[in-house]
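Read the structure below first, then the notes.
Quick note: the coordinates plus some simple rules give every number you see, no bench work behind them. What you see is a predicted model, and the numbers here were worked out from it, not measured in a lab. Neighbour counts run over all protein chains shown; Cβ positions are idealised from the backbone, glycine included.
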Amino acid sequence: MERVVFRMSGFLMIAILLVLAAVATGVLLAAGNDQAIVATAVAYAVLAAVAGTGFTIVNPNNAQVVQFFGRYVGTIRDAGFHWTLPLTARTQVTLRVRNFETARLKVSDADGNPVEIAAVVVWRVVDAAKAVFAVDDHVEYVAVQAETAVRHLATSYPYEAHDSGRASLRDSAVVSEELTHELRERSEMAGVEVLESRTTHLAYAPEIAQAMLARQQASAIVGARFKIVEGAVGMVSLALDKLREEHVVDLDEERKAQMVANLLVVLCGDRAAQPVVNAGSLYS
């Protein structure tokens, strides 16, 4: 788990080293011993060189993971010029929000139809220590897990639902929530938080796109015809009720059936009706 490492201001450490140098120089000059001056100068140079390895600069929205001879000792998150434990190795990790967009993946949906799908994932590092030590490369890890999650999601839902109670890949809100939840679980061990994920491309594979388009058109035509017939039946029923209530004409069952047939032809036809007017016989 990530923890804070010992650190202090780098400028303060420089001031301390300068004060120590001034004090040591004054004491040695007062003593007047050449050998002591040389020995002290060498010792101070070694001390300054060792202390200099502890200086580090942390950029805004970045973190540095500090290791002391292979052992994790802590993380520096505050931006600025710092001094920490000398002789340590430091690995910089960005904490910025990042985007990753998957390639267009060709998979089979829940109904077995080949589809093309792609998604974008918005993520950031929240635990720098996990990002460095838990996985080999946290950026590549997020990329692989994103593509795996998108493939799994595509096989869990159909491209389009044929009944109202079933979710489909075209339900963007449901798909995004499911994908984000799965990616959060997969990426937690790498110290990564997934903020959001959404599909950016969704289509049938080219080899079946034409057939699926024809099926969609057929379904749309059937749905439209259903609405037309439903409305036509209601209009015919209303017309017969009005004729009966207004006593416009009395129709027997045979004439009623003929009138219903004619009205349905007019209302349900996909072309304008061409009425035939009976003008009677020209000869008596």
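Ordered by the number of other Cβ atoms lying within 10 Å of each residue's own Cβ, fewest first, V23, V120 fall into the sequence V23, V120. For T53, the residues whose modelled amide H falls within less than 5 Å of its own, excluding neighbours fewer than 5 places apart on the same chain, are L87. Between amide H atoms placed 1.01 Å from N, distances below 5 Å from Y157 occur with A110, all of them 5 or more places distant or on a separate chain.
Computed from the C-beta positions of H201 and L85 and an R0 of 35 Å, the FRET efficiency is 0.10 to the nearest 0.05. Using only alpha carbons, region 7-94 has a radius of gyration to Kirkwood radius ratio (Rg to Rh) of 1.13.
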